[in-house]
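Comments concern the structure below.
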């Protein structure tokens, strides 16, 4: 292990102090719920790009992208390419995002209520939070495992590491809300960019690009360059990820939060266009690290858990001093992701799930108190869920399946809300039901011994594709079969004076 506590530990400590100070400095500007949730809608293009990029690159991102590189070679960057393409197209056309921002809402379910009614708003909020929290459930454990593996900490301190990380992030998120998230995201984006580029240059210099390509050719073959011919990927992998990433670009709450916090719709679209290429780097850079682990480490060194391939590689080749910068960069990535995710799920709970219980408008002080309490409760859930849930298969697939619980239905609802006049509450309810039940059932089948074999035969990709297709069909069929309201009966009783 090349981590030096006196040198690297000092670098990390100084960074943590700077982040905490920056996050707490803006707490005095949070006087309204709108400040807490969408930063008063004053975010400009450059801050939006930095914040979105920092939020969508956490330790969990680095881990699953590196695992993809180790297992699938350069083809592992396929999800990033698909997401970048979807984000660029949406940024250029304004598809769904432009009318969403122009509506002035704080969350997507708030917009859905205008077309489908308050019950659909509440149900949409429930599935968004359910899918989002299950998706985020692996973040803390994955971040803790990365830091333990990289710094050489005793694994028995994993739970303590997770708890400290969570407390650190929760403090400034609870006090400063979206304002703290945006400020710390900008700082974290700078540190993250420097760390990622420095380590990537080091790896290519030490290992060599030719060695990386040769490792993929030797260990994986042509499937390491072409996802369609990889035995564990294929057309179903590409199609599922195309559907998943397009839906995420349209409705993933942490991404949408940046659009809704932007000054106007034009700014939101510029943020999408400016961030699109980053999503290729988001998969490719850690993927190169994973390929380097494939080239240098033996299977015995990696062990059964391929998530640990990349941390084990970095712990041996990154020198003292740069190791501190790397750990600071990864902490930056983890903190920006965790804080933003906690805040966005809390915004849906407060704004949509709790909406029926607010018969009158709450005072700003009461609203802020409830939002801060919700963020704290989310943190507690994430801590305990991350401790007991056993991960099956690779991490990216788990995130894709849990995300589909709400991405499949909410993306369909948003498109229908914006562009289909005949869409109604019956179709919306059917879409939400099937969007939650199919991936939820698949996750349950994976954990039950009697159905685990069947779940493996079906596979997450076919299950995911079926979910999007069935949800789309449910919206159309449900909307068309709803009886039309009867016209009012004509008054035949003659005129009245």
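FYI, it's all coordinate maths here, none of it is from the lab. Quick caveat, the model's predicted, so the values are computed rather than measured. Heads up, the Cβs are rebuilt from the backbone with ideal geometry, glycines too, and the neighbour counts pull from every protein chain shown.
What the table below lists for this structure:
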quantity: Contour excess over end-to-end distance, with Cα ends at residue 222 and residue 93 and 0.36 nm allotted per residue; calculated: 42.9 nm
quantity: Inter-label distance, nm, simple model (7 Å from Cα along the C-beta direction), residue 16/residue 365; calculated: 3.5
quantity: Helix axis angle, 209-219 relative to the chain longest principal axis, alpha carbon, degrees; calculated: 80
quantity: Residue-averaged 222 nm ellipticity for the chain, from DSSP H runs of 4+ at -39500 (n - 2.57), nearest 500; calculated: -25500 deg cm²/dmol
quantity: Pair residue 211, residue 316: separation of 7 Å Cα→Cβ label points (nm); calculated: 1.1
quantity: Degrees between helix 425-447 axis and first principal axis of the chain (Cα, 0 to 90, nearest 10); calculated: 30
quantity: Cβ crowding within 10 Å averaged over residues, with 338-348, 271-281 ranked highest first; calculated: 338-348, 271-281
quantity: Between 0 and 90°, nearest 10: helix 265-275 axis offset from the chain longest Cα axis; calculated: 20
quantity: Prolate/oblate/rounded label for the range 259-328 (Cα gyration tensor, a/c 1.5); calculated: prolate
quantity: Distance in nm between pseudo-label sites at residue 277 and residue 264 (7 Å out along the Cβ direction from Cα); calculated: 2.7
